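This report refers to the structure that appears directly beneath it.
The values are calculated or read from the model by the stated rules, or taken from the named source; none is laboratory data. Every value quoted in this text rests on a predicted model; they were computed, and no experiment measured them. Glycine gets a Cβ as well: all are built from the backbone with ideal geometry, and neighbour counts include every protein chain shown.
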Amino acid sequence: MCPMPRPTITAEDVLRCDSPWRDYEIFDGLPMLREPCGGWADAVSLGISGPLRAFVRERDLGWTVASSQGFLLARGPDRMLAPDGAFISKERLPKLPRSGFIPMAPDFLIEVRSPTDSWEAVVEKCGVWLAHGARCAWAIDPDRFTVAIFRPGEAPEILRRTGTADARPALDGFTIELTDVFSSLE
C-alpha cells in the first residue's frame with residue numbers, strides 16, 4: 001500500500017480566514033503543525049520577549065514580535081516559519097506590515113523547546129534561520145536550563161543555568177541573565 005502524499009501549501013493558503021492550515025508553519029511547501037506549548041516554554045519565551053521589547057522600544061531600533069508572526073523565507077515551494085520571539089531592525093524593515101508574513105528572516109530570534117519538541121529539532125531550526133539571514137538565534141531548553149547561541153560563522157555558545165546571553169551582532173547591548181529567565185521555574 002502506498003502512503004498518501006502530503007498536501008503542499010503556500011503562504012496564501014495559511015492566511016485565508018477559512019484555512020485549515022492557520023496553526024501551521026510551512027517547510028518547503030509541506031504543512032508543519034505548530035502545537036501550543038504552554039508551561040515553562042511559554043514562561044521562558046515571555047521572560048525574554050518582554051525585556052527584548054523594552055530594549056528595542058527605548059532605543060527605537062525596530063520591531064519585536066511574538067510567536068504568531070510568520071516569516072516568509074522562500075517561495076516556490078514556500079517556507080514560512082514562526083519563532084517564539086523576534087526582532088527586526090527598522091533598517092531592514094522600515095514599516096511593520098499591518099497583516100501577513102514578514103518577507104525575510106528576523107535579525108534576532110528565540111526558539112524555545114516545548115514538551116513536544118526534540119532539542120535537535122530546535123537547534124536545526126536555528127540553523128535554518130541563520131541560513132536565511134538571521135544574525136543571532138537562541139535555542140532554549142527550559143527543562144535543561146540551557147541556552148545555545150548561534151551566530152553565522154561562529155561556534156555555538158552554550159550556557160547552562162547561569163551566565164549572560166547576548167544578541168550580538170544582531171542587537172548589540174541586549175543581554176539577559178539566565179538566572180532571571182530560569183529562577184522561577186524550579
- Message: Among the residues that make up the range 164-171, is at least one of them in a strand (DSSP E or B), loosely packed, with under 14 Cβ neighbours inside 10 Å and over 13 Å from the mean Cα position of the chain (by Cα)?
- Response: yes
- Matching residues, the range 109-127, being without any contact (Cβ under 8 Å) to a residue 24 or more places away in the chain and not acidic (D, E): S118, A121, V122, G127
- Item | Identity of the residue in the range 11-66, of a type in the set (V, I, T) and farther than 23 Å from E177 by Cα, that ends up surrounded by the fewest Cβ atoms within 10 Å (Cβ to Cβ) | V14
- Query: Among the candidates W119, W129, which residue alone is aromatic (F, W, Y) and under 21 Å from D28 (Cα atoms)?
  - Reply: W129
- Note on the structure: Counted residues in the range 43-68 being under 30 Å from P7 (Cα atoms) and modelled with pLDDT under 95 come to 3
- Task: State all residues of the range 49-108 that are within 17 Å of A137 (Cβ to Cβ), touching a residue at least 40 places away in the same chain (Cβ under 8 Å) and in a loop (DSSP other than H, G, I, E, B); if no residue qualifies, say none.
- Result: G70, A82, P83, D84, P106, D107
- Lone unmet requirement of (1) out of contact with any Asp or Glu (no Cβ under 6 Å at 6 or more places or on another chain); (2) farther than 21 Å from F27 by Cβ for G76: (2)
- Message: Please go through the range 150-163 and give me each residue that is aliphatic (A, V, I, L, M) and either farther than 22 Å from T179 by Cβ or part of a loop (DSSP other than H, G, I, E, B) (or both), ordered by number.
- Response: A155
- Item | Scan of the range 83-133 for residues that are buried (at least 17 other Cβ atoms within 10 Å of the Cβ), modelled with pLDDT of 95 or more and of a type in the set (G, A, S), ordered by number | G85, A86, S89, A105
- Message: Every residue in the range 54-108 that is in contact with a strand residue (DSSP E or B) (Cβ under 6 Å, 6 or more places away or on another chain) and basic (K, R), please.
- Response: R79, K90
- Residue by residue through the range 65-113, note down the ones that are out of contact with any Lys or Arg (no Cβ under 8 Å at 6 or more places or on another chain) and of a type in the set (D, E). D78, D84, E91
